[in-house]
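Since the structure comes first, as structure tokens, the remarks are kept for the end.
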Amino acid sequence: MTKLYALCDVDTIRKSGGDLRTFVARASSLDAEVLQYRNKHGDIASIKADLIALRKLWDRFLIVNDHYELSAFCDGIHIGQEDLYAIDPVPSRAIKILKMAIGEDKIIGLSTHSVQEIEIANTLDINYVGLGAYRSTDTKSDATVLGESLDAIAAHSKHPVAAIGGVKLDDFFQHVTYRVIGSGLL
């Protein structure tokens, strides 16, 4: 059975009238192992404050999306393809630079969307890949939907795979380690 990875998207939580404490309580009740904090519109000070608050509420793996400069306040980071190539056009060098910035002991996750991106990720010193989108979502309206092919693509990965994008609690995957459940679905 796949494990649960909870995506704490601040915009989605605020739209629904929720808060971080309620989100963490729900993720804990579902026995999520990982919580990724994503705030695409907040300033660095508010993101840092939220990470500090989450660390007090969440004693499992805490990942920050994009903001590797805040890795000291969590267990690791998750970056997208654009972020990777913005660091350096050579992915292996980008990961080395990232590891120098955040430290060797931090988790690194990388978003992927195809077999080709999985094959590149297989050459990188990262901890897991996010693969998707499985279904369309409100937070990533431009995402390519992989649907049922996601599991077959996941089979190509040497890293643990987190299925992302529109995943539901009852979805089943054979080659996926984590089901990423979005803020609106918790």
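Do we find that residue 75 is at positive phi and of a type in the set (D, E, K, R) in this structure?
no
Under the condition of being assigned to a helix (DSSP H, G or I) and not hydrophobic (A, V, I, L, M, F, W, C), which residue from the range 130-165 is nearest to the chain's Cα centre (by Cα)?
Top of the filtered list is 151.
All but one of (1) in contact with a Phe, Trp or Tyr (Cβ under 9 Å, 6 or more places away or on another chain); (2) more than 22 Å from residue 131 (Cβ to Cβ); (3) at pLDDT below 95 hold for residue 9, so report the exception by its number.
(2)
Against the conditions (1) farther than 26 Å from residue 62 by Cβ; (2) touching a Lys or Arg at 6+ places or on another chain (Cβ under 8 Å), where does residue 156 fall short? Just the number, please.
Going through the list (1) farther than 26 Å from residue 62 by Cβ; (2) touching a Lys or Arg at 6+ places or on another chain (Cβ under 8 Å), residue 156 breaks only (2).
Pairs, please: C-beta under 7 Å, at least 6 apart or cross-chain, first residue in contact (Cβ under 8 Å) with a residue 24 or more places away in the chain and surrounded by 16 or more Cβ atoms within 10 Å (Cβ to Cβ) and in the range 40-54, second aromatic (Phe, Trp, Tyr) and part of a helix (DSSP H, G or I)?
Within 7 Å, the pairs are 48/73.
Taking residue 50 as meeting all but one of (1) of a type in the set (D, E, K, R); (2) in contact with a strand residue (DSSP E or B) (Cβ under 7 Å, 6 or more places away or on another chain); (3) under 23 Å from residue 129 (Cβ atoms), write down the number of the exception.
Only one criterion in (1) of a type in the set (D, E, K, R); (2) in contact with a strand residue (DSSP E or B) (Cβ under 7 Å, 6 or more places away or on another chain); (3) under 23 Å from residue 129 (Cβ atoms) is unmet by residue 50, namely (3).
Only one of these conditions is not met by residue 93: (1) surrounded by 16 or more Cβ atoms within 10 Å (Cβ to Cβ); (2) among the basic types (Lys, Arg); (3) without any contact (Cβ under 8 Å) to a residue 24 or more places away in the chain. Which number is it?
(1)
Do we have residue 71 as crowded, with 16+ Cβ neighbours inside 10 Å and either under 30 Å from residue 31 (Cα atoms) or without any contact (Cβ under 8 Å) to a residue 60 or more places away in the chain (or both) here?
Yes.
Of everything in the range 107-121, what is in contact with a His (Cβ under 7 Å, 6 or more places away or on another chain), of a type outside the set (A, V, I, L, M) and either assigned to a loop (DSSP other than H, G, I, E, B) or without any contact (Cβ under 8 Å) to a residue 40 or more places away in the chain (or both)? Give them in sequence order.
Within the range 107-121, 119 is the sole residue that qualifies.
Does residue 94 satisfy being under 25 Å from residue 133 (Cβ atoms), in contact with a Leu (Cβ under 8 Å, 6 or more places away or on another chain) and among the aliphatic types (A, V, I, L, M)? Spell out how you get there, then give the answer.
Working: under 25 Å from residue 133 (Cβ atoms): yes; in contact with a Leu (Cβ under 8 Å, 6 or more places away or on another chain): yes; among the aliphatic types (A, V, I, L, M): yes.
Yes.
Testing residue 137 on (1) at pLDDT below 95; (2) among the β-branched types (Val, Ile, Thr); (3) touching an Asp or Glu at 6+ places or on another chain (Cβ under 9 Å), one condition comes back false. Which one is that?
Evaluating residue 137 over (1) at pLDDT below 95; (2) among the β-branched types (Val, Ile, Thr); (3) touching an Asp or Glu at 6+ places or on another chain (Cβ under 9 Å) leaves (3) as the failure.
Each row is one residue, and each column tells you yes or no for (1) aliphatic (A, V, I, L, M); (2) more than 25 Å from residue 70 (Cβ to Cβ); (3) crowded, with 19+ Cβ neighbours inside 10 Å.
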position	(1), (2), (3)
97	yes, no, no
108	yes, no, yes
123	no, yes, no
137	no, no, yes
145	yes, yes, no
157	no, yes, yes
163	yes, yes, yes
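The values are calculated or read from the model by the stated rules, or taken from the named source; none is laboratory data. All values reported here derive from a predicted model rather than from experimental measurement. In this analysis, Cβ positions are derived from the backbone assuming ideal geometry, glycine residues included, and neighbour counts consider all displayed protein chains.
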